[in-house]
1. With an 8 Å cut-off on Cα pairs and a minimum separation of 6 or more residues, tell me the relative contact order of the chain in percent.
2. Taking the Cα atoms only, what angle lies between the long axis of helix 131-144 and the longest principal axis of the chain, rounded to 10 degrees?
3. If one takes the longest principal axis of the Cα atoms in the chain, at what angle in degrees, from 0 to 90 and to the nearest 10, does the Cα axis of helix 66-77 lie?
4. Among Thr173, Pro197, Pro250, flag the residue with its Cα farthest along the positive direction of the charge dipole of the stretch 146-250, charges on Cβ as +1 for Lys/Arg and -1 for Asp/Glu.
5. Place +1 on the Cβ of every Lys and Arg and -1 on the Cβ of every Asp and Glu in the stretch 321-434, take the dipole about the Cα centre, and give the residue among Ser360, Phe418, Tyr371 whose Cα lies farthest towards its positive end.
6. In nm, what is the difference between 0.36 nm times the number of residues separating Glu587 and Gln136 and their Cα-Cα distance?
7. Sticking with the crude label model, points 7 Å out along Cα→Cβ, report the distance from Ala366 to Ala166 in nm, one decimal please.
8. Under 8 Å for C-alpha pairs, at least 6 residues apart: give me the relative contact order for the stretch 391-496, rounded to a whole percent.
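The values are calculated or read from the model by the stated rules, or taken from the named source; none is laboratory data. Owing to the predicted nature of the structure, the values given are computational and were not obtained by experimental measurement. Cβ coordinates were reconstructed from backbone atoms using ideal geometry, including for glycine residues, and neighbour counts include every protein chain displayed. We work out accessible area using only protein heavy atoms, side chains counted, and drop any ligands, DNA or RNA first. Shrake-Rupley method; radii C 1.70, N 1.55, O 1.52, S 1.80 Å.
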Amino acid sequence: MVFDPDVVHAKYLAERDKRLVPGRAAIRDLTRDECVAGYRADPFTPYVERQPVIDDPEVVVLGGGIAGILAGAHLRKVGVERIRIIDAAGGMGGTWYWNRYPGVMCDVESYQYLPMLEELDYIPTRRYAFGEEIRQHLQAVADRFDLTRDALFHTGITQATWDEGAGRWRIRTDQGDELSCRYYVLAAGILNLMKLPAIPGMDDFSGRAFHTARWDYGFTGGSPGQVLTNLGDKAVALIGTGASGIQVLPPLAEAAQQVYVFQRTPSAIGVRGNRLTDPSFAAGLQPGWQKTRMDNFQSIMLGRPVDVDLTADGWTQHYAAVHNPPRIKGATVEEFMRNAEEIDFAIMEEHRQRIDKLVSDPDVAAALKPYYRYLCKRPCFHDEYFDAFNRPNVTLVDCPAGVERITEHGPVVGGRQFEVDCIVYGTGFEAEITPLQRRVGHDIVGRGGTSLAEKWADGAASLFGMMSRGFPNMFVMPAPGQQSVVTVNYTQLALLGAEFVAGAVALLEKQGVAVFDVNADAEADWIRQIVDTYVDPSAVMSACTPSRLNNEGDPGGVKPRDTNFGRGFGDFFAYRDLLEGWLASGELDGLDLA
Ligand code: NDP
């Protein structure tokens with residue numbers, strides 16, 4: 001394909017329209033629908049009955065993933081002793097606890113994604129780490145700061161209520177625990193709610209079905225990194241070809257008798273280039289290297305000039321190029337837009353041509369090609385995915401409108417029944433567009449009996465995306481679309497959030513503050529800054545293929561308050577300067593203190 005804007009637009013819109021079908025966003029509500037409760041169960045750690053805990057720690061942290069562990073670690077550093085992390089999982093790790101599917105790996109370079117590498121004196125074994133290494137590292141961080149001892153696992157918080165008289169949060173859980181704490185830290189993350197599509201008939205399926213975030217090794221055999229030994233005589237349906245689905249396919253194809261890959265939208269899948277860490281890597285590192293590396297990556301992602309690209313991967317070379325097209329002196333807006341489009345087209349074309357080189361059947365290759373602008377969906381990276389389609393036991397089932405229905409035998413597409421023993425849902429998570437109050441999974445009742453759901457009904461309302469008026473002594477770890485910023489390397493944002501929470505608690509303690517709340521003017525001012533920089537993405541994103549990045553084809557449906565500090569991704573460096581300046585001043589500006 002050559003770059004002819006009219007032809008490209010027509011092709012992209014035609015591909016979009018195939019997918020813009022009613023009901024494409026319909027999902028089963030895993031938090032309420034008891035028919036699908038089995039999908040939530042923990043296959044990794046047996047549930048052990050325990051006595052309810054009655055306790056009054058200084059801090060309760062909701063969530064034992066990266067954000068919760070880092071918050072706990074930094075609170076320890078400022079001397080907070082009594083911290084209880086609470087998580088529905090059977091252990092630490094959050095996303096990396098649950099996502100143990102074969103092939104699971106992080107797309108962000110390990111040297112930046114695994115936190116506190118210098119403090120733990122650890123160098124990841126590969127450029128991109130597999131999930132198990134990340135999970136073990138997070139456990140090591142938790143152990144270093146002694147956070148596991150008092151954690152409550154397999155425990156869901158059912159209610160958090162501010163007790164005005166006591167100046168504390170009262171926390172209840174589904175295990176009968178009753179905790180009273182001074183500070184409540186929400187670290188729910190954005191990938192904690194699995195998305196299970198509502199496909200007619202799915203409950204009739206008589207085989208084994210599970211989500212990638214609850215991989216059933218009991219059924220498939222094997223373990224992460226090992227061959228799935230029980231699948232040699234089994235046919236498997238893989239639904240979903242996003243970041244999870246594409247990683248699952250190669251090990252599945254290697255083990256199963258037959259794999260049907262149900263593809264609604266092809267992902268743009270760039271080169272991975274994973275490799276073992278060079279033994280000389282560590283020797284060349286100076287103290288502070290990890291922060292420098294994170295900043296270098298973040299600078300490139302935001303289009304800031306750097307001397308050297310330390311990461312040099314698809315994020316910095318493709319994503320950043322499309323995200324930050326060059327401003328050519330004297331160019332009109334139209335010329336700028338056309339140049340940006342041409343850069344985008346060239347990168348997408350490179351992705352499409354890669355498929356021709358790697359997939360031998362031209363019809364299969366054609367069906368695997370993505371036709372949309374690069375930023376319409378989260379890009380993926382893999383070096384073995386396409387080759388799996390050259391195997392005789394792998395069949396691509398292209399279904400732009402999704403799987404039609406599922407019978408007791410398996411999925412149906414175009415009237416054809418695919419008989420399978422197992423369905424793997426690689427169908428993702430309720431990420432960016434699901435509000436915090438749903439992701440935390442319980443009522444948070446603040447001053448005057450107002451719940452967070454009520455307060456945030458028209459979108460987030462906060463100071464710095466991390467504190468909200470009416471919810472005293474409560475911190476929310478920063479997250480995309482929640483009045484903070486977006487970072488491709490989530491760890492960098494979690495670290496900043498953790499340092500802020502710990503720094504703020506240290507200041508409050510030093511100044512003898514029993515209770516803080518956000519000042520009304522400060523919150524109104526922060527919300528105004530968020531809303532003022534909001535740009536309605538409808539014009540750009542409605543031309544995109546539907547995805548969770550454009551609210552499944554309804555980009556205008558995003559509330560202006562549920563966006564970031566600064567346009568688009570937000571301005572990470574300005575945000576960090578602001579938070580660090582706030583801590584350094586020690587003035588606790590914007591807070592009402594008692
Ligand atoms: P995604 O939301 O990216 O992908 C879900 C897939 O399921 C898509 O291919 C989607 O199709 C498909 N799908 C959904 N409903 C249906 C249906 N009814 N019929 C057919 N197909 C359907 O989820 P992932 O779990 O892959 O990734 C989620 C996020 O998790 C990523 O964006 C990333 O942030 C993170 N992640 C990161 C990884 C990494 O770093 N390597 C690995 C895994 C996840 P369609 O595209 O048409 O919507």
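1. Working: 1162 pairs, mean separation 112.6, N = 594.
Normalised by residue count, the contact order of the chain is 19 percent.
2. 10
3. 30
4. The Cα lying farthest towards the positive end belongs to Pro250.
5. Farthest along the dipole direction, towards plus: Tyr371.
6. Working: separation 451, 0.36 × 451 = 162.36 nm, distance 3.89 nm.
So the extension gain works out to 158.5 nm.
7. 6.8
8. Numbers: 97 pairs, mean separation 13.1, N = 106.
After rounding, I find 12 percent.
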